[in-house]
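Inspection log for the structure reproduced underneath, given as structure tokens.
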Amino acid sequence: MLKSPEKPTLTIQQHILTEQQRFPEASGEFSFLLSGITLASKLIQAQVRRAGLGNILGAAGEENVQGELQQKLDVYANDVMIDKLSCRRSVGILASEENECAVMMPHDTADASYAVIFDPLDGSSNIDVNVSVGTTFSIFRRPVGPQYDDPNTWILQNGTQQIAAGYVVYGSSTIMVYTVGNGVHGFTLDPAVGAFVMSHENMKMPEQGKYYSVNEAYRDNFPTQYRTFLEGLRRGELGTKYGSRYIGSMVADFHRTLLRGGVFLYPPTSDHANGKLRLLYEANPIAMIAEQAGGVATNGKSRILDIKPEAIHQRTPLVVGSRKEMDYFQSLSE
Ligand code: AHG
Ligand code: MN
Ligand code: MN
């Protein structure tokens, strides 16, 4: 006879419904919106798992607004996210790494009170070589006031105004990690049932780790504070001599940092004063998750979540990690 599991299975949909009760005015629209993201990520992971079969690897032949060559899976993931979110009446506007301008929803904006901003496929240089990739998302509510009648203005809010944020890693398993400002929770996709099931409850970043994660090929071009920081970690200034881990997919590098502690950074360089990562759909969701888990995220000078965005695709340096490493980094500021 089948034994019942020791702990009842908690799916992400059940969890979202419980979390939604924290918003007294919530009508069910918010959980329906998040279910659009979980559905899209299941469809994306199904294609990622088939990469190498069929005709889904390689470049799509177009460049995105940032001049980066789009991969076929970038385009597929973007289309799926837009398709599964645009049929939610609560969504007023969508913004994506892959679209120059935000996508306005055709339905009446009086009903629509959310903006969703996402990177449909993060780490696209890793797709063709079977290395982990991911998706990130950030959600804002429509701010109050007539100046916000244009949904474009909903997008350029400080990260502190995010009402939910999260990411999916398509790794050795598929995991979704999300927060609505009440802790960080991880749900692993159970392929047998096709549902995200709670696997990591109330995640906390360790106070200290033993790895730093950075593209060291650029280190001669990092500002002094960053070079001193990395040298200090290598020398054992924090009581242990650090090793390095760098995948080149921010989501996967951050996920390891969340679980094991340490620091992930994409510094400014002499060629790129703002680094490479984008504030709205890369740094902001990662920073909200990090802070909710007890970590710290800065642009080297100030808290990521306090930056007032000026453009959808603006870049920012990012240093995110455990409290101990981040205190040390900040103590070296010039
Ligand atoms: P994307 O694939 O969405 O354009 O993002 C790639 C980003 C990020 O995932 C990663 O941390 C970084 O690019 C790696 O850049 P380098 O190759 O310069 O290290
Ligand atoms: Mn990315
Ligand atoms: Mn991307």
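The values are calculated or read from the model by the stated rules, or taken from the named source; none is laboratory data. Everything numeric here is computed off the predicted structure, so don't read it as measured data. Glycine also receives a Cβ, built like all others from the backbone with ideal geometry; neighbour counts cover every protein chain displayed. For accessibility, only protein heavy atoms count, side chains too; no ligands or nucleic acids. Shrake-Rupley method; radii C 1.70, N 1.55, O 1.52, S 1.80 Å.
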How many residues are within 30 Å of Phe30 (Cα to Cα) and part of a loop (DSSP other than H, G, I, E, B) when one looks only at the stretch 66-87? 1
Among the numbered criteria (1) away from ligand 1 (no atom under 14 Å from the Cβ); (2) not in a strand (DSSP E or B), which one does Ser125 miss? (1)
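Does Ala77 count as farther than 22 Å from Tyr178 by Cβ, in the same structural domain as Phe140 (by TED's automatic domain parsing) and within 13 Å of ligand 3 (Cβ to nearest atom)? Steps first, answer last, please.
Details: farther than 22 Å from Tyr178 by Cβ: no; in the same structural domain as Phe140 (by TED's automatic domain parsing): yes; within 13 Å of ligand 3 (Cβ to nearest atom): yes.
It is false that Ala77 is farther than 22 Å from Tyr178 by Cβ, in the same structural domain as Phe140 (by TED's automatic domain parsing) and within 13 Å of ligand 3 (Cβ to nearest atom).
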Hey, could you check the stretch 85-101 for residues that are away from ligand 3 (no atom under 14 Å from the Cβ) and among the hydroxyl-bearing types (Ser, Thr, Tyr) and say which is surrounded by the most Cβ atoms within 10 Å (Cβ to Cβ)? Ser90
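Let's see how each residue does on (1) among the basic types (Lys, Arg); (2) modelled with pLDDT of 90 or more; (3) within 15 Å of the chain's Cα centre (by Cα):
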site	(1), (2), (3)
Leu69	no, no, no
Ala77	no, yes, yes
Arg89	yes, no, no
Glu100	no, yes, no
Gln147	no, no, no
Do you know which residues across the stretch 52-75 are in contact (Cβ under 8 Å) with a residue 40 or more places away in the chain, among the aliphatic types (A, V, I, L, M) and in contact with a strand residue (DSSP E or B) (Cβ under 9 Å, 6 or more places away or on another chain)? Leu57, Leu73
For the stretch 17-36, state whether one or more residues are within 15 Å of ligand 3 (Cβ to nearest atom) and open to solvent by less than 20 Å² (accessible area, probe 1.4 Å). no
I'd like to check something: does the stretch 267-279 contain any residue that is hydroxyl-bearing (Ser, Thr, Tyr) and not in a loop (DSSP other than H, G, I, E, B)? no
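Sort out which residues of the stretch 134-147 are open to solvent by less than 30 Å² (accessible area, probe 1.4 Å) and either farther than 15 Å from Ile286 by Cα or more than 10 Å from ligand 3 (Cβ to nearest atom) (or both), and write them in order of number. Please lay out each step first, then the result.
Kept after step one, since they are open to solvent by less than 30 Å² (accessible area, probe 1.4 Å), are these residues of the stretch 134-147: 134-140, 143, 145.
Result: Phe137, Ser138, Ile139, Phe140, Pro143, Gly145.
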Give me the pairs: first residue in the stretch 76-97 and without any contact (Cβ under 8 Å) to a residue 24 or more places away in the chain, second residue assigned to a strand (DSSP E or B) and open to solvent by less than 10 Å² (accessible area, probe 1.4 Å), beta-carbon distance under 9 Å, and six or more apart or on different chains, which are they? Asp79/Pro120; Ile82/Leu94; Ile82/Ser96; Ile82/Pro120; Ser86/Leu94
Cβ pairs under 7 Å, 6+ apart, first in the stretch 247-260 and outside the structural domain of Ser125 (by TED's automatic domain parsing) and assigned to a helix (DSSP H, G or I), second among the charged types (D, E, K, R) and within 11 Å of ligand 2 (Cβ to nearest atom): Met250/Asp122; Met250/Glu282; Val251/Asp122
Determine the pairs where a residue that is open to solvent by 90 Å² or more (accessible area, probe 1.4 Å), located within the stretch 208-219, has a partner that is assigned to a strand (DSSP E or B) with Cβ atoms under 7 Å apart, the partner being 6 or more residues away or on another chain. Lys210/Gly243
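Report yes if Met104 is crowded, with 19+ Cβ neighbours inside 10 Å, without any contact (Cβ under 8 Å) to a residue 60 or more places away in the chain, in the same structural domain as Thr188 (by TED's automatic domain parsing) and of a type in the set (A, V, I, L, M, F, W, C), otherwise no.
On the way: crowded, with 19+ Cβ neighbours inside 10 Å: no; without any contact (Cβ under 8 Å) to a residue 60 or more places away in the chain: yes; in the same structural domain as Thr188 (by TED's automatic domain parsing): yes; of a type in the set (A, V, I, L, M, F, W, C): yes.
No, not satisfied.
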Within the stretch 107-133, the residues that are open to solvent by less than 50 Å² (accessible area, probe 1.4 Å), of a type in the set (A, V, I, L, M) and either closer than 23 Å to Gly171 by Cα or more than 16 Å from ligand 3 (Cβ to nearest atom) (or both) are Ala112, Ala115, Ile117, Leu121, Ile127, Val133
Can you name every residue in the stretch 122-149 that is under 15 Å from Gly166 (Cβ atoms) and either more than 16 Å from ligand 2 (Cβ to nearest atom) or not small (Gly, Ala, Ser) (or both)? Asp122, Thr135, Thr136, Phe137, Ile139, Phe140
Which numbered condition Ala46 misses (of (1) crowded, with 19+ Cβ neighbours inside 10 Å; (2) part of a helix (DSSP H, G or I); (3) not polar (S, T, N, Q)): (1)
